[in-house]
Structures are given as structure tokens and as C-alpha cells.
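Have a look at the structure below before the remarks.
The values are calculated or read from the model by the stated rules, or taken from the named source; none is laboratory data. Keep in mind the model is a prediction, meaning the values are calculated, not measured. Glycine also receives a Cβ, built like all others from the backbone with ideal geometry; neighbour counts cover every protein chain displayed.
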Amino acid sequence: MKKLLVLAAIVTAPLFAQVEGDIEVPYIPFEVKMGKGFGEVNANCLTCHSFGYVTNQGRQSKAFWAGKVKKLMVHFKAPITDPDAKIVTEYLYEEYGNGELK
Amino acid sequence: MKRRDFFKTSIAGAAAAMATSLEAGVTGQPIDNRKISTIAFPEKRPMITYSDRPPLLETPRCVFANTITPNDAFFVRWHMPDIPTHIDPKNYKIKIDGLVKKELNISLDFLKDPANFEQVEVTAVLQCGGNSRSAFKPTAGGIQWGHGAMGCAKWKGVRLSDLLDQAGLKKDAEWIGFNGSEKAAYYETPNFVRELHLDELDDHVILAYEMNGEDLPYLNGYPLRLVIPGSYSDSWVKMLSNITVTNKYKKLFFMDIAYRVPDNECECETPEKKAKKTKPITKMNVKSLIGYPENGTVLQTKSHVVVRGVAFDDGHGIRDVKISIDNGKTWKSAELDDGKAGRYAYRGFKLAIKPMKFGKMTIMAKAINKIGQEQPLAKDIKWNHGGYKFNGIDVVTVDVV
């Protein structure tokens, strides 16, 4: 079967007005639960991605959240201190936990 | 109240809680019917929205009743929060350097000129390796996509091989590195770079500037992206800035750690005992999706319903799509479209059914490709830590009244 077709000459069309200048990526007001450790989450977890990444995981165990925070520190080099990592893990488990430790 | 309304939640992620009722370790159906946002991103209609930085948008199921996914409903997936917000097509250049005889710096106009390069088109499915990840239990790492981290478009551009020919590969050239323009927010976070071995690149690989007859949408990689028909989208680098030819493979996070599955027969592992050896996800497996009807659609008994959807694989082509409306006891072949869009495109299927009994009715779809591979039942798909390559038989439950 032949999938690549030869085409006739092209015409360069002007850019669609919405993307002609700077594009604006909208801000989504993701809901972040207030709770103990909220400040640390704000300071440590929102530089590289929105809070949507966090809530999207659903309610999870403490071990899950601890592992996630570690993954971000090890693989993505998130500059988080060990005490802050602990506080953030507690916060995530408290606010977005499923009641299970493992 | 429509079932759809019932599922409305304030954020897409909250729906993930629904899936936790599944038995641990048993793969189910991905989370479906997530809420469509009211916020439209540039060039997009409002979609299922997971994140704004980086933008992550999912296509709702109903779009897959058609074989071409419209640009404004096509899914969006970036890795880094910092994507360029301005590209001037007049000044944009793609650079080809490294082990080449002649370094190239090519403008869009030069690239689009048939006097310089043959302009080619291919209709191909673009699917994230983590599409349908929310089917896996326990929760696999990454965004908990439903079914819609995929789409099919007609891509137009030039062959990568023609470009490399013009640059002239040096003798020891072996790896081709592709750099996208997205940037991490923190300097030590690995950037998104891909390397492909020369052997993986054939004439079907193109650098595309057009999608379904329009400029690539900004969020889908304007002005130029890699198109690798049959492969998962992690290697279709967006917003290409440069292509570097080397003789040595560099260690790259998104190649060596992310987007990999266990290197064993079942490509599976358990959370307690993760596989030591892994391999890249590369080629797509056979899959189908019902676009109509959807979960919760209300249908009158004895009415004339046409089930519609799409099926695809990595380019072997689809031989058959079977539909069951009795929980998999009996299967009937759907009618396939003419297949003229080519072996990398969605193959459309349709089947007329008449609901006879009141109550819940499940509709299942199973695709079989030309080399006889078929979709397994979701429950038979074994877990992998990244939640990649889900291709379970699709199941939609409707209400017959």
C-alpha cells in the first residue's frame, strides 16, 4: 500500500490571528486544599507544573505520595529539602490520601 | 439528570477516585466521561483539562466517531511548563548539524518549496504511550488519561531522509537527536530530547508543518514536528529546533527512564517486583475505541442505533473489528471503511444494532490486525509501572429505556 503522496505546489497562508503575536496559555484555577503543609507545597511543588498534576493522581496511600515526592527529587531534580519533602508528603496524605499507609 | 452531569466534578483529577473501587491489581476500563472544561486554550475548543502548565488536554470520546480528529479537538501533551509563546515563521529556522557534510539552517519557506524538497502527506495516528493509563491498578506513574490521549490527522511535510540527504551524513553517523523547544522550569531538570537510531528511520518519517490542511496548531508543535507513523507520540518531537547527528548515544531521561516497559514477554511486572530490564515503548499495539454511543447514552428500545468508532495499530493494518452486545458471548464483525487513508490511519468501523431489552446494555469492540493480533480483555492486561500500552477491549454501557 502506498501512503505517501506527492503533492502540488504550496501556498504559504498567513498565520491565524490568535497565534500571530504571543500566545496566551490560560491559567486554570486549580483548587488546592488548605491544610498543614500548604505553604511548603506552594513553595516546592508548583514551579515545574500546575497542581493539576497532583490532584489527577486521585486519593493515594502515604507510601505512594512519599514515592512520588522522591521520584521528583531524584529524576527531575526538584530542589526540595528533606524536611520539606516530609511535610509535603504528610500534607498530600492528609488532604489527598486514601487512608492507607501502603 | 443525564449520567454525564452526574460525573461532573470540579477538576478532572477528582474523578480518579472512582477507579479506586476496583480490585487492586486488576486492570479495568479507563476513567471515562470526565468533565470538559469551560476554558478554551488557543486554537482549541474546551477539552478535558488536566493541567495548564504544561498544557495537558484530552479529547472526549465522542470525537472518535470520526476517523479524522479535528485540529481544535486534538489532544495536547507537553512535558515542560515553559513552552515558547511566540514563534515568528519568517525567522524560524531548523538547524541540522553534527556529523553532516554540510550544516543546514533551513527556513519554513525553503522547506515548503517543492523545488527544494518533495512535499509529502501521510495520515497517521498519534497516541501517547500512556493513553488510557487510568485503567491500571494500582495507579501507575503519570497523568491518569482516559481514552483520549490520541488522534488521527493528515500530516504534510517533507521526508526526514530527504533533509539528511541534503546535509549528507558522515560515515560514522549513527544517532539522530531531536530537540524540541520546550524548557524545564529548573535548570537541572532534563529537557525533552529524543534520539533515534538511523535504523529506526524510514521514508515514512516526516517533518510536518501542516495538520489536516492547516498550519500545525501551536499546542500541537507549531511550526514543525516529527511524525513517526506507527510509533507512540513520545518520539514525535514538537516544535523542533534542531536535529543533531552523532555517533554516540547520550543518556537521556525521557529515553532511558520514562516511556519504557518491562523487557519480557508480557511486558509486565508487579509493584513489589519491578522488572530490572526495560525497553522503549516504540510501536503501538492494536486498539479500538467506540465513539458512539457513549457511557450513559440513553437509547430507546427497538430504535436504530449505529455503533461507530475507530481502530488502528502500528501499520500492519486492521483486518476486522468485532462488536458484542451480550457481554462478549457472541461477536459480530462491523463494517470497515475503505481503508484508503492508509495503514497508519484510523480505520473507521460501524455496525447497526437494535437494543431489545430494557436496562443496561454493554457494547464491546475488539480490533484484530492483519497479522492476527487482537485486543485482550482489560482484565487480562498485566500491570506495568508506567501504565503504558493499554489496549483492552473497549466497553461502553448504555441505558435502554
Hey, residue B:165 free of Cβ contacts under 8 Å to residues at least 12 places away in the same chain and away from chain A (no Cβ under 13 Å) or not: yes
Yes/no for residue B:48 being at the interface with chain A (Cβ under 8 Å from one of its Cβ atoms) and out of contact with any His (no Cβ under 8 Å at 6 or more places or on another chain): no
Test result for residue B:82, free of Cβ contacts under 8 Å to residues at least 24 places away in the same chain, at the interface with chain A (Cβ under 10 Å from one of its Cβ atoms) and among the charged types (D, E, K, R): no
Considering residues of the range B:63-86 that are in a helix (DSSP H, G or I) and of a type outside the set (A, V, I, L, M) only, the residue nearest to residue B:43 (Cα to Cα): B:72
Members of the range B:344-387 that are in a loop (DSSP other than H, G, I, E, B), at pLDDT 95 or above and in contact with a strand residue (DSSP E or B) (Cβ under 6 Å, 6 or more places away or on another chain): B:344, B:345, B:346, B:355, B:358, B:370, B:375
Unmet criterion (only one of (1) touching a residue at least 12 places away in the same chain (Cβ under 8 Å); (2) over 18 Å from residue A:97 (Cβ atoms); (3) not β-branched (Val, Ile, Thr)) for residue A:57: (2)
The range A:19-38 - residue that is surrounded by fewer than 13 Cβ atoms within 10 Å (Cβ to Cβ) and more than 16 Å from the chain's Cα centre (by Cα) and, of those, nearest to residue B:215 (Cα to Cα): A:20
Total residues in the range B:310-360, condition surrounded by 15 or more Cβ atoms within 10 Å (Cβ to Cβ) and on the phi < 0 side of the Ramachandran plot: 30
Residues within the range A:52-66 that are of a type in the set (Ser, Thr, Tyr) and more than 8 Å from every other protein chain (Cβ to nearest Cβ), tallied: 1
Among the residues listed as A:33, A:62, A:70, the single one being modelled with pLDDT of 90 or more and closer than 26 Å to residue B:37 by Cβ: A:33
The listed residue being of a type outside the set (A, V, I, L, M), facing chain A (nearest Cβ under 10 Å), farther than 25 Å from residue A:27 by Cα and assigned to a loop (DSSP other than H, G, I, E, B), out of B:89, B:54, B:42: B:89
One residue from B:202, B:215 being out of contact with any helix residue (DSSP H, G or I) (no Cβ under 6 Å at 6 or more places or on another chain), surrounded by 19 or more Cβ atoms within 10 Å (Cβ to Cβ) and not hydroxyl-bearing (Ser, Thr, Tyr): B:215
Test: residue in the range B:131-149 that is surrounded by fewer than 16 Cβ atoms within 10 Å (Cβ to Cβ) and either under 30 Å from residue B:317 (Cβ atoms) or away from chain A (no Cβ under 11 Å) (or both): no
Count of residues meeting criterion [at negative phi and crowded, with 16+ Cβ neighbours inside 10 Å] in the range A:77-97: 14
Unmet requirement for residue B:61, which otherwise passes all of (1) within 25 Å of residue A:15 (Cβ to Cβ); (2) more than 12 Å from chain A (Cβ to nearest Cβ); (3) in contact with a strand residue (DSSP E or B) (Cβ under 7 Å, 6 or more places away or on another chain): (1)
Total residues in the range B:94-127, condition of a type in the set (A, V, I, L, M, F, W, C) and either part of a helix (DSSP H, G or I) or within 14 Å of chain A (Cβ to nearest Cβ) (or both): 9
Some residue of the range B:11-32 being exposed (fewer than 15 other Cβ atoms within 10 Å of the Cβ), under 27 Å from residue B:235 (Cα atoms), at pLDDT below 95 and away from chain A (no Cβ under 11 Å): no
Entirely in the range B:223-318, the strands (runs of 3 or more DSSP E) that have 2 or more residues that are over 15 Å from residue B:150 (Cβ atoms) and touching an Asp or Glu at 6+ places or on another chain (Cβ under 6 Å): B:260-262, B:278-280
Residues satisfying the stated conditions in the range B:384-401, i.e. closer than 24 Å to residue B:234 by Cα and surrounded by fewer than 19 Cβ atoms within 10 Å (Cβ to Cβ): none
